[in-house]
Amino acid sequence: MRRPASLLAAALLVVCASGCGSSNDRACGPVVHDPLDPGSGVHVLPGAPTPSYLVDPPTSGAHQPGPSIDGPVRAPIAPQLQVGVLEEGRVLIQYHGVSDADVAKLEALDSDQVLVAPASSLPKGTEVAATAWVTHQYCRAVDVGELETFVSHFAGKGPGGH
């Protein structure tokens with residue numbers, strides 16, 4: 001009797017190892033809808049101190065008006081400029097600590113709807129952050145398919161979206 005029980009236990013272990021927790025294999029976490037930052041609609045003058053935001057990287061809040069930023073960008077973008085990009089209805093994809101090959105994959109996503117830029121830092125365990133107006137998704141690795149899905153759902157959704 002012990003033998004069938006141990007075979008059953010081994011079979012369950014194999015099934016669980018191959019299927020249990022498979023959602024943890026995804027490179028990107030869930031899409032999160034953030035509350036509207038109370039500073040939304042407030043303009044920040046060039047040279048003014050950087051405002052504080054509810055979320056890092058910000059998804060709404062005070063922003064610095066100015067011309068649209070074209071990319072891909074090679075240097076981190078100030079938070080008050082990031083919010084301006086999102087207000088336009090664009091998606092901002094930022095990365096930190098990824099390989100040159102992954103940077104090239106991300107930069108291939110850059111378009112009139114998407115701006116790609118490095119980040120000076122991202123939340124712990126995050127290599128890529130996709131942000132749109134009041135929405136974000138953090139990824140622990142580059143997953144072009146997940147990022148394309150994020151863009152298709154959230155591009156054009158900012159209050160000044162095109």
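Step by step: find N for the stretch 25-154, compute 2.2 N^0.38 Å, then divide the Cα radius of gyration by it. What's the final number?
Scaled against compact globular proteins, the figure is 0.97.
Charges on Cβ only, +1 for Lys and Arg, -1 for Asp and Glu, centred on the Cα centroid of the stretch 25-154; of PRO76, VAL151, LEU54, which one is farthest towards the dipole's positive end?
With unit charges placed on the Cβ atoms, the residue in question is LEU54.
What does the highest-first list of 31-43, 104-116 look like by mean Cβ count within 10 Å?
Final packing ranking: 104-116, 31-43.
If the only charges are +1 at each Lys and Arg Cβ and -1 at each Asp and Glu Cβ, what is the size of the charge dipole of the stretch 25-154 around the Cα centre, to the nearest 20 debye?
My answer is approximately 260 debye.
If I model the stretch 44-105 as equal point scatterers sitting on the Cα atoms and use the Debye formula, what is log10 I(q)/I(0) at q = 0.22, 0.28, 0.29 Å⁻¹?
Taking Cα atoms of the stretch 44-105 as identical point scatterers yields -0.95, -1.31, -1.37.
Give me the one-decimal nm value for the distance between modelled label points at ALA27 and ALA141, 7 Å along each residue's Cα-to-Cβ direction.
The modelled label-to-label distance comes out at 0.8 nm.
Starting from one equal scatterer on each C-alpha and no solvent at all, send me the Debye-based log10 I(q)/I(0) for the stretch 89-139 at q = 0.15, 0.21, 0.32 Å⁻¹, two decimals.
With one equal scatterer per Cα and no solvent, log10 I(q)/I(0) is -0.36, -0.70, -1.33.
All of the numbers you see were taken from the coordinates with simple rules; none came from a lab. Just so it is clear, the structure is predicted and the values come from calculations on it, not from any experiment. Here Cβ is always computed from backbone atoms with ideal geometry, including for glycine, and neighbour counts include all displayed protein chains.
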